[in-house]
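See structure below.
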Amino acid sequence: MAKVTVRTIQKYKESNEKFSVLTAYDYSTAKYLDEAGIDIILIGDSLAMVALGYETTNSVGVDEMSIFTRAVAKGVKNAMVITDMPFLSYHTDIPTAVKNCGNMIKLGANGVKIEGYSDYILDVIKRLVDSGIPVMGHLGFTPQFLNTLGGYRIQGKTQEAAEEILKQAKQLEKAGVFSIVLEMVPQDSAKYITENLKVPTISCGAGKYCNAQVLVSDDIFGKFSDFKPKFARKYADMKNLILDCAKQFNEDVKSGKFPSDEEIF
Ligand code: KIV
């Protein structure tokens, strides 16, 4: 399999072929997702909650995202590696945005994801793309704006609201994004938006008509259990697998069954 690039992603859109996106936060998970043929591996700021146990994604910073970016990039050969830029890492001024995003590229990412829409965000996107940094946009429910949005709420419910997201998406497209995540948008609205864009849309709870689907890997593995979004499909039960392994080890240590003669020097 060849390396997935912005060109591959654009070709998927043009040929109406679906592509897959999963999050990863560590070297070995990233390696397996890559081996499985996942197209884009996202170091999502969801790691704040999933890997670090923080209450919201807004608590994670550039230093932490850098560590996870380096680890994931080391495990990946073919997938496109995208780092989700954390809260306030691109909001203060353009030089800081370019520096923080550029740092992720230096650590091995192939692009960055930034949330939201404003005149300032459009300028940031243009400057990043001009600097050689591919940008994935993110509209609909944008977790970094949790406080201004007033909670976890579905976005784009009415025709008018869908038109507004489409207007924003077209501006992001014009600024140079290579794809756009649509989060918690009703399926019909996401379909309308997708059909009217040249760049692919990536559904995060936005239904089947988007060009791609993204999920948090710990949700599909059944590992993260604090909550489960309605749109996340659980493919395994890693939580109980880990519990079983740990219980057996605990018992084996305490009963003297571990280590055996084959497990010693
Ligand atoms: O942080 C994240 O994992 C995300 C995706 C699920 C889109 O932003």
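The rows are residues; the columns are (1) surrounded by 17 or more Cβ atoms within 10 Å (Cβ to Cβ); (2) within 18 Å of residue 20 (Cβ to Cβ); (3) modelled with pLDDT under 95; (4) charged (D, E, K, R).
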site: 184; (1), (2), (3), (4): yes, no, no, no
site: 189; (1), (2), (3), (4): yes, no, no, no
site: 198; (1), (2), (3), (4): no, no, no, yes
site: 208; (1), (2), (3), (4): no, yes, no, yes
site: 212; (1), (2), (3), (4): yes, yes, no, no
site: 218; (1), (2), (3), (4): yes, yes, no, yes
site: 239; (1), (2), (3), (4): no, no, no, yes
site: 258; (1), (2), (3), (4): no, no, no, no
site: 263; (1), (2), (3), (4): no, no, no, yes
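Would it be correct to say that residue 146 is within 20 Å of the chain's Cα centre (by Cα) and surrounded by 15 or more Cβ atoms within 10 Å (Cβ to Cβ)? Walk me through how you get there before you give the answer.
Numbers: within 20 Å of the chain's Cα centre (by Cα): yes; surrounded by 15 or more Cβ atoms within 10 Å (Cβ to Cβ): yes.
It is true that residue 146 is within 20 Å of the chain's Cα centre (by Cα) and surrounded by 15 or more Cβ atoms within 10 Å (Cβ to Cβ).
Could you go through the range 18-30 and let me know if any residue there is over 17 Å from the mean Cα position of the chain (by Cα), in the same structural domain as residue 97 (by TED's automatic domain parsing) and within 16 Å of the ligand (Cβ to nearest atom).
no
Taking the conditions exactly as written (more than 16 Å from the ligand (Cβ to nearest atom) and open to solvent by 50 Å² or more (accessible area, probe 1.4 Å)), does residue 129 satisfy them or not?
Working: more than 16 Å from the ligand (Cβ to nearest atom): yes; open to solvent by 50 Å² or more (accessible area, probe 1.4 Å): yes.
Yes, satisfied.
Any chance the range 12-23 includes a residue that's closer than 28 Å to residue 119 by Cβ and either hydroxyl-bearing (Ser, Thr, Tyr) or touching a helix residue (DSSP H, G or I) at 6+ places or on another chain (Cβ under 6 Å) (or both)?
No, because not a single residue in the range 12-23 is closer than 28 Å to residue 119 by Cβ and either hydroxyl-bearing (Ser, Thr, Tyr) or touching a helix residue (DSSP H, G or I) at 6+ places or on another chain (Cβ under 6 Å) (or both).
So which of 53, 137 is under 18 Å from residue 180 (Cβ atoms) and within 16 Å of the ligand (Cβ to nearest atom)?
Just a single option satisfies the conditions, and that option is 137.
In this structure, does residue 35 turn out to be in the same structural domain as residue 138 (by TED's automatic domain parsing), surrounded by fewer than 24 Cβ atoms within 10 Å (Cβ to Cβ), within 14 Å of the ligand (Cβ to nearest atom) and charged (D, E, K, R)?
no
Return yes or no: is residue 81 outside any helix (DSSP H, G or I) and either within 15 Å of the ligand (Cβ to nearest atom) or under 20 Å from residue 134 (Cα atoms) (or both)?
Values: outside any helix (DSSP H, G or I): yes; either within 15 Å of the ligand (Cβ to nearest atom) or under 20 Å from residue 134 (Cα atoms) (or both): yes.
It is true that residue 81 is outside any helix (DSSP H, G or I) and either within 15 Å of the ligand (Cβ to nearest atom) or under 20 Å from residue 134 (Cα atoms) (or both).
Would you mind stating whether residue 121 is within 16 Å of the ligand (Cβ to nearest atom), more than 14 Å from the chain's Cα centre (by Cα) and either of a type in the set (Ser, Thr, Tyr) or part of a helix (DSSP H, G or I) (or both)?
yes
Considering (1) within 26 Å of residue 56 (Cα to Cα); (2) touching a Lys or Arg at 6+ places or on another chain (Cβ under 9 Å); (3) open to solvent by less than 40 Å² (accessible area, probe 1.4 Å), say which one residue 175 fails and leave the rest.
(1)
Among 137, 222, 150, which is the only one that is free of Cβ contacts under 8 Å to residues at least 12 places away in the same chain and of a type outside the set (Val, Ile, Thr)?
150
Restricted to the range 46-62, and to residues that are part of a loop (DSSP other than H, G, I, E, B) and open to solvent by 10 Å² or more (accessible area, probe 1.4 Å), which residue is nearest to residue 108 (Cα to Cα)?
Out of the qualifying residues, it is 61.
The values are calculated or read from the model by the stated rules, or taken from the named source; none is laboratory data. Quick caveat: nothing in here was measured; it's all calculated off a predicted structure. Backbone-built Cβ (ideal geometry, glycine too); neighbour counts: all protein chains shown. Keep in mind that these areas ignore ligands, DNA and RNA; they rest on the heavy atoms of the full protein, side chains included. Shrake-Rupley method; radii C 1.70, N 1.55, O 1.52, S 1.80 Å.
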